[in-house]
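*Asks:* Before we start, here is the structure in question, set down as structure tokens.
The values are calculated or read from the model by the stated rules, or taken from the named source; none is laboratory data. Nothing here was measured: the structure is a model prediction, and the numbers come from that model. Note that we place each Cβ from the backbone using ideal geometry, even for glycine, and neighbour counts take in every protein chain shown.
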Amino acid sequence: MPLAVWVLALGAFGIGTTEFVTMGLLPEMAASFGVSIPTAGWLITAYALGVVAGAPTLTALTHRLPRRTVLIGLMALFTAAHAASALAPTFAALVAARFGTGLAHGTFFGVAALVARVLAPPGRQGRAMALVFAGLTVANVVGVPLGTFVGQSAGWRVTFGLVGVIGVATMVALALAMPALSTPAGPLRAQFGAFRRGQVWLTLLITVVGFGSTFTVLSYVSPLLTEVAGFAGSSVAWVLVLFGLGATAGNLLGGRLADWSVSRTLVLGMASQAVVYALLFGLAESALAAATGVFLFAFAGFLMGSAIQTRVIVAAGGGASMASAAMQAAFNTGNALGAFLGGAVIDAGFGYASPALVAALLAASGLGLLTWADRLDATGRATVDPARAVAAGQPLRA
């Protein structure tokens with residue numbers, strides 16, 4: 001695989017680390033500024049909103065620029081936002097810095113996935129994309145636990161500073177290893193045509209509701225583990241390794257299952273998540289059950305990643321680039337929704353296990369939306385399984 005693809009995976013590793021390490025350090029950041037843990041959850045929401053705002057906006061603004069320039073510029077923004085996070089004097093300043101960090105996220109993954117396909121040897125495009133996104137899942141195995149450990153030991157500001165160093169390293173490596181690539185052809189208007197397709201909007205809605213369940217629990221996993229399950233604070237980083245392992249295993253299996261059937265993979269994932277969250281809510285006081293639940297909800301969530309991406313790309317027809325960026329926005333709208341709802345039920349006095357019940361309801365709602373979308377009749381809308389449509393060379397009708 002070309003060296004540039006590995007560099008893209010390094011950037012994905014940095015982004016994955018910063019996205020998820022906040023959950024493990026939420027109590028420390030809350031204590032640093034004298035705010036409650038639910039209030040500190042706004043740091044997660046701000047990052048997610050940055051992705052929502054940045055994905056379509058920066059994709060549109062950089063549509064005509066060389067891909068190497070775009071990727072280096074995005075990592076420069078990422079690095080600057082981490083410097084601002086590490087030096088933030090107030091909670092409001094940190095919220096703003098986290099929003100700025102999120103701006104780079106969606107466009108980076110959208111561009112990186114397409115660039116990886118171009119750079120890959122013939123017949124290995126799928127593996128090149130998987131390698132890029134593996135950077136995110138490996139971040140949950142290595143970067144997040146280590147970042148949490150460092151943050152708890154030396155302070156959360158040190159963690160953000162070190163992630164900024166990853167951004168600098170990625171910028172340098174991109175400048176050295178990334179070849180010059182032609183600017184994407186075609187008018188931007190054709191990309192926005194994806195949003196005239198009903199199945200695109202349905203897929204985005206399924207993502208917001210169904211995938212939002214993950215962050216409903218993950219945003220507050222640290223107090224769930226320490227206050228309910230009885231783990232020591234120093235153990236949280238290592239329990240989060242289970243999340244990374246579950247995410248990596250789910251991602252690897254999910255790619256194979258998506259080739260079998262996109263719709264069935266999504267049904268399996270959504271249904272599994274609903275069951276796991278319900279059991280986690282009921283059994284959260286058991287350390288073994290809580291740790292197992294962290295692994296299983298990561299596994300079920302990432303099992304669906306390739307499938308939901310395939311669904312929106314096929315649904316978008318010729319607007320795949322903008323649809324891919326919109327998917328990142330949808331993921332993080334769901335993340336923001338989940339963090340908000342989880343904090344709301346905790347603030348209402350229902351306890352740190354209550355977000356798991358909300359997550360179960362969100363996953364069940366996502367399953368309902370998916371069932372409705374798949375059962376729409378064929379009069380201008382789709383009943384076709386996206387995996388079969390791709391194999392047959394057919395677009396998924398809007």
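*Asks:* For residues that are surrounded by fewer than 23 Cβ atoms within 10 Å (Cβ to Cβ) and outside any helix (DSSP H, G or I), scanning just the stretch 1-53, find the one that is farthest from the chain's Cα centre (by Cα).
*Replies:* Only one residue tops the list, namely GLY34.
*Asks:* Restricting attention to the stretch 252-277, which residues are touching a Leu at 6+ places or on another chain (Cβ under 7 Å), β-branched (Val, Ile, Thr) and crowded, with 20+ Cβ neighbours inside 10 Å?
*Replies:* Correct list: THR265, VAL276.
*Asks:* Continuing with the same structure: So for the stretch 217-237 (the condition being in contact (Cβ under 8 Å) with a residue 12 or more places away in the chain, surrounded by fewer than 24 Cβ atoms within 10 Å (Cβ to Cβ) and not in a helix (DSSP H, G or I)), does at least one residue qualify?
*Replies:* Yes: one or more hits.
*Asks:* Okay, moving on. Among the candidates ALA83, ALA48, single out the residue that is at pLDDT below 85 and over 18 Å from ALA112 (Cα atoms). Show your work before the answer.
*Replies:* On the way: ALA83 fails: at pLDDT below 85.
Result: ALA48 is the single residue among ALA83, ALA48 that is at pLDDT below 85 and over 18 Å from ALA112 (Cα atoms).
*Asks:* Anything in the stretch 272-289 that is in a helix (DSSP H, G or I) and in contact with a helix residue (DSSP H, G or I) (Cβ under 6 Å, 6 or more places away or on another chain)? List them, or say none. Write out each step before concluding.
*Replies:* Residues of the stretch 272-289 in a helix (DSSP H, G or I): 272-283, 287-289.
SER272, GLN273, ALA274, VAL276, TYR277, ALA278, LEU280, PHE281, LEU283, ALA289, listed by residue number.
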